[in-house]
Amino acid sequence: MRRKLIYPHRSVRSIPLTGVRAGVAVLVALALTAGIYWFRAVLLEEHNRIASALLDISGIPSSGSERVDIFEPIGSAEVVTTSVFSPNQQPILVASLFAVVFIALFLVHRKVPLARSFVVFLFVILMITAGVIFVWPDTGITSAEFSQIWLRGAVLVWFVLPWISACLLVVLQHNLALGIVWAVVMQAYGFVWSAIRLAFCLGVLHFSGLLFMPLLWFTLGLLADVLYIVVFLSLSTRVAGLRAWGRRASWQF
């Protein structure tokens, strides 16, 4: 089954699932889920501290903090607040920002055929948001409201990640310790990456208001979560494959 230069087709390659690995995967998922719930207040506090620190480093002024409700079993969390740009202040600036992003998306649409369907979807989101701002210029969202929406989605992802790790990362590894490390690292990465993305969105909200928020919430929200999960799966599968079948031999020219 092992060839010198290429692997056999993936239809005849597999990593057998053992009861031990499946059991460990379930235990790891249960432990991480319980830890997230038990330390939820600490995690939310640290999440806010990272986002606040990044805003300070970026020179974006903070107007204090506000406590927002997440979910009833989770409780509430303190979130940093910033001033929000209003379209009524500088309509020419809003129009200019819209034009720049519109042109950028148009260029991506023309240059990257594979991304055209996705770019069209982003076009639709941008156009709808611009239309709402044009018709109802007083429409807006505060930084605390956006943080509340963000944290509700982030907390759900934190509770789902351990089970994704158990199904996709832990069971792949012959070395159970390595599988556990993969699961913990992805959980930690998801937590820190969420705070970084939230800080970026709050910065954009401070400078451009509502215009890009729906677009950013989609692209930097669940889509970004799916992307890093896929990356972790690819890396862990690569490591598992190297351990199971060895490295490919190099071509000689």
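The values are calculated or read from the model by the stated rules, or taken from the named source; none is laboratory data. If you're wondering where the values come from, they're calculated on a predicted model, not measured in any experiment. Using ideal geometry, Cβ is built from the backbone for each residue, glycine included, and neighbour counts are taken over all protein chains shown.
Remarks
Residue-wise test of (1) touching a Phe, Trp or Tyr at 6+ places or on another chain (Cβ under 6 Å); (2) over 18 Å from Ala183 (Cα atoms); (3) basic (Lys, Arg); (4) not assigned by TED's automatic domain parsing to the domain that holds Met186.
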position: Val26; (1), (2), (3), (4): no, no, no, no
position: Ala31; (1), (2), (3), (4): no, no, no, no
position: Gly35; (1), (2), (3), (4): no, no, no, no
position: Phe39; (1), (2), (3), (4): no, no, no, no
position: Ile60; (1), (2), (3), (4): no, yes, no, no
position: Gly64; (1), (2), (3), (4): no, yes, no, no
position: Arg67; (1), (2), (3), (4): no, yes, yes, no
position: Pro73; (1), (2), (3), (4): no, yes, no, no
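- Criterion violated by Val181 - all others in (1) touching a residue at least 60 places away in the same chain (Cβ under 8 Å); (2) more than 26 Å from Leu216 (Cα to Cα); (3) not hydroxyl-bearing (Ser, Thr, Tyr) satisfied: (1)
- Complete set of residues in region 107-128 that are part of a helix (DSSP H, G or I) and β-branched (Val, Ile, Thr): Val108, Val119, Val120, Val124, Ile125, Ile128
- Among residues of region 117-158, those that are more than 22 Å from Glu45 (Cα to Cα) and of a type in the set (Lys, Arg), counted: 0
- Only listed residue being surrounded by fewer than 20 Cβ atoms within 10 Å (Cβ to Cβ), outside the structural domain of Leu97 (by TED's automatic domain parsing) and in a loop (DSSP other than H, G, I, E, B), chosen from His174, His206: His174
- Condition met for Phe102 (assigned by TED's automatic domain parsing to the domain that holds Met127, touching a residue at least 24 places away in the same chain (Cβ under 8 Å) and not charged (D, E, K, R)): yes
- Evaluated against (1) in contact (Cβ under 8 Å) with a residue 12 or more places away in the chain; (2) under 14 Å from the mean Cα position of the chain (by Cα); (3) surrounded by fewer than 17 Cβ atoms within 10 Å (Cβ to Cβ), Leu220 falls short on exactly one condition, (3).
- Scanning region 109-135 for residues that are crowded, with 16+ Cβ neighbours inside 10 Å and over 15 Å from Pro214 (Cα atoms) gives a single hit, His109.
- Lone qualifier among Ile74, Ile57 - being closer than 23 Å to Ser147 by Cβ, buried (at least 17 other Cβ atoms within 10 Å of the Cβ), at pLDDT 90 or above and out of contact with any His (no Cβ under 6 Å at 6 or more places or on another chain): Ile74
- Residue list for region 53-69, filter: under 16 Å from Ser194 (Cβ atoms) and over 18 Å from the mean Cα position of the chain (by Cα): Ala53, Leu55, Val68
- Thr82 satisfies every condition listed in (1) surrounded by 12 or more Cβ atoms within 10 Å (Cβ to Cβ); (2) more than 30 Å from Cys167 (Cα to Cα); (3) at pLDDT below 90 except (3).
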